[in-house]
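Coordinate-derived values only; no laboratory data. From a predicted model like this one, the values you see are computed outputs, not experimental measurements. Positions of Cβ are generated from backbone atoms using ideal geometry, with glycine treated the same way; all protein chains shown enter the neighbour counts.
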């Protein structure tokens, strides 16, 4: 089948390409293909492409497109890969519309918006939020396809995520602790029983309960903990927060998310071993359940810029231990974005 | 048994503590304990500690030590944990000497130097190198014990690592490629056969071979690749390097390590999916062996500063896929440091 390169795309006189194959858009008796579509069909030997009577080979068409369209080789790699996997995929805003398996234009609405990017590009959180808002308006899901150095593609679904737990509220007793650098120590059997064994704060080291700074600041803010320093002077909430901010640069952001999750009645513990701020549980009824958390939550500022290797690392690590990877940021309220790897 | 707090430690009149338990150092008929040792023995009910005739309880001694010794609670947590695991551990330079299981002072030399740090402290590469040099002089191995927010401890062994491979050298033919943004494309069946299938450069996408920038720069430097841009102009080595440096900030560091590994006859591919620069193979004889690499190598500058969460993340990820995590840096030559988690 002969295709003619024009200004608005490659014109082909074969409606079946559109009707059966789901390629291009119809205009009268013609189908107009995008460059990705034409190159793919040329690669498959389904069409030839002519420019002003001269036939273009695959390499020539590809190089032309690469000269004209930014990151064309990245977009084409994704287009091609999804076509090869048997999906109908259409050029559209940001960068493609992907149809559910078996679906195509005119038959079904598209399900996903797909963004194709090189592993070298960074992704500002702000952009991700805009894309998610767009998806929400259009009632689509969002996929980011990251093309690595070796042109291997990893797909991530990105979505807002509601967080809610069913754990116990707060204790009704007040305890006393001692602030030591970046942690608080409590020597008190009842504190162990209540704070640790019942409400899952802190960690026991022999007879001693150790609380993290964020746990301590939370309990202090709720009036449930009174602190002194090593030499016995009282440490008030303001002073504690000052110390916390010195120890951890992003303490305030982290604290807000901790508070939000605790108030959503989730149990929140450190995620250090997994390279994230928190591991988060929906429901914990006994200490043994602290063995497996459902979520890893990492707190980022609103002006944060993701890099693809970082996303790859965080998500792979979380999935490797059967957890969901969640990034939390502050908007009018705290919002949670889940990024998970999918295999289309 | 009664211990007396003096300026140089806690004096106890019981040589068995040293001879059988491996605690403290002998001086005449006395054993002099460090603060960690005394607190541990006090916690276990083995000694009492008196200061000028007044008995100190655990809490008081602990708080005094915390006031006097920086990060005492961190060091004590590690001391205590290793003692509980049945090891003999002694205060010493940086921060402890750890004896092999069953060993103790006078009986066996210590095997490890153990550094205890909070997950909040950062670790400059320069410090790590100094510690490794010290260990080399003393013929010890190096352990870093990281104490997280919840006072849970993760142990890492850190060591220099020789890298050596047994893969094929270089092809003896020269190929032509086209530079597209951050990758090179080659349309040539023989290039696929030689570069990809025999020497494991690049990745195939259908009939096309895609090379990464670092692979391309390496092949160009060896005179095995000639590049043109999309409009057909030749791209020389200098120009290519300029472009590479624009695309990747640390391109030069990365390139040096890539070159070193290739010259050590290892096969080097992108480690993007694992959040590291390279995955590295000792020997690859057929494409199917590219499925599992032995190493992940991440390149860092000499002035790099590690954070414990980052070490935790990288090592956990690497171990999760049965690979060794290696950090590479440039000294007079390229050096490789392996960090691996151990469970003492």
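Residues of region A:251-274 that are within 11 Å of chain B (Cβ to nearest Cβ) and in contact (Cβ under 8 Å) with a residue 60 or more places away in the chain: A:269 alone.
Inclusion of residue B:216 among residues that are within 21 Å of residue B:260 (Cα to Cα), within 30 Å of the chain's Cα centre (by Cα) and facing chain A (nearest Cβ under 10 Å) is not warranted.
Among the residues making up region B:192-250, those that are more than 17 Å from residue B:170 (Cβ to Cβ), assigned to a strand (DSSP E or B), in contact with a helix residue (DSSP H, G or I) (Cβ under 9 Å, 6 or more places away or on another chain) and touching a residue at least 40 places away in the same chain (Cβ under 8 Å) are B:227, B:235. Return the residues of region A:300-344 that are out of contact with any helix residue (DSSP H, G or I) (no Cβ under 9 Å at 6 or more places or on another chain), without any contact (Cβ under 8 Å) to a residue 12 or more places away in the chain and either facing chain B (nearest Cβ under 10 Å) or assigned to a strand (DSSP E or B) (or both); say none if nothing qualifies. A:310 - this is the single residue of region A:300-344 that is out of contact with any helix residue (DSSP H, G or I) (no Cβ under 9 Å at 6 or more places or on another chain), without any contact (Cβ under 8 Å) to a residue 12 or more places away in the chain and either facing chain B (nearest Cβ under 10 Å) or assigned to a strand (DSSP E or B) (or both).
Which members of region A:19-45 meet the condition of being closer than 17 Å to residue A:80 by Cα, within 35 Å of the chain's Cα centre (by Cα) and not in a loop (DSSP other than H, G, I, E, B)? Hits for region A:19-45 are A:33, A:35, A:36, A:37, A:38, A:39, A:40, A:41, A:43.
Screening region A:80-128 for strands (runs of 3 or more DSSP E) wholly inside it with 1 or more residues that are surrounded by fewer than 20 Cβ atoms within 10 Å (Cβ to Cβ) and more than 14 Å from chain B (Cβ to nearest Cβ) returns the ranges A:89-91.
One residue stands out in region A:275-284 among those that are in a loop (DSSP other than H, G, I, E, B) and under 14 Å from residue A:320 (Cβ atoms): the one that is farthest from the other protein chains (Cβ to nearest Cβ), namely A:276.
Of the residues making up region A:219-248, those that are on the phi > 0 side of the Ramachandran plot and either under 31 Å from the mean Cα position of the chain (by Cα) or more than 13 Å from chain B (Cβ to nearest Cβ) (or both) number 1.
Could you please let me know if residue A:141 is surrounded by 14 or more Cβ atoms within 10 Å (Cβ to Cβ), more than 22 Å from residue B:204 (Cα to Cα) and either touching a helix residue (DSSP H, G or I) at 6+ places or on another chain (Cβ under 6 Å) or more than 14 Å from chain B (Cβ to nearest Cβ) (or both)?
yes
Just to be sure, is residue A:95 touching a strand residue (DSSP E or B) at 6+ places or on another chain (Cβ under 7 Å) and touching a residue at least 24 places away in the same chain (Cβ under 8 Å)?
When the stated conditions are applied, residue A:95 does not pass them.
From the list A:150, A:157, the lone residue that is without any contact (Cβ under 8 Å) to a residue 24 or more places away in the chain and either part of a loop (DSSP other than H, G, I, E, B) or under 35 Å from the mean Cα position of the chain (by Cα) (or both) is A:150. Select from region A:162-189 the residues that are buried (at least 17 other Cβ atoms within 10 Å of the Cβ), assigned to a loop (DSSP other than H, G, I, E, B) and either under 21 Å from the mean Cα position of the chain (by Cα) or within 14 Å of chain B (Cβ to nearest Cβ) (or both) and list them in ascending order. Passing the criteria: A:163, A:165, A:181, A:182, A:187.
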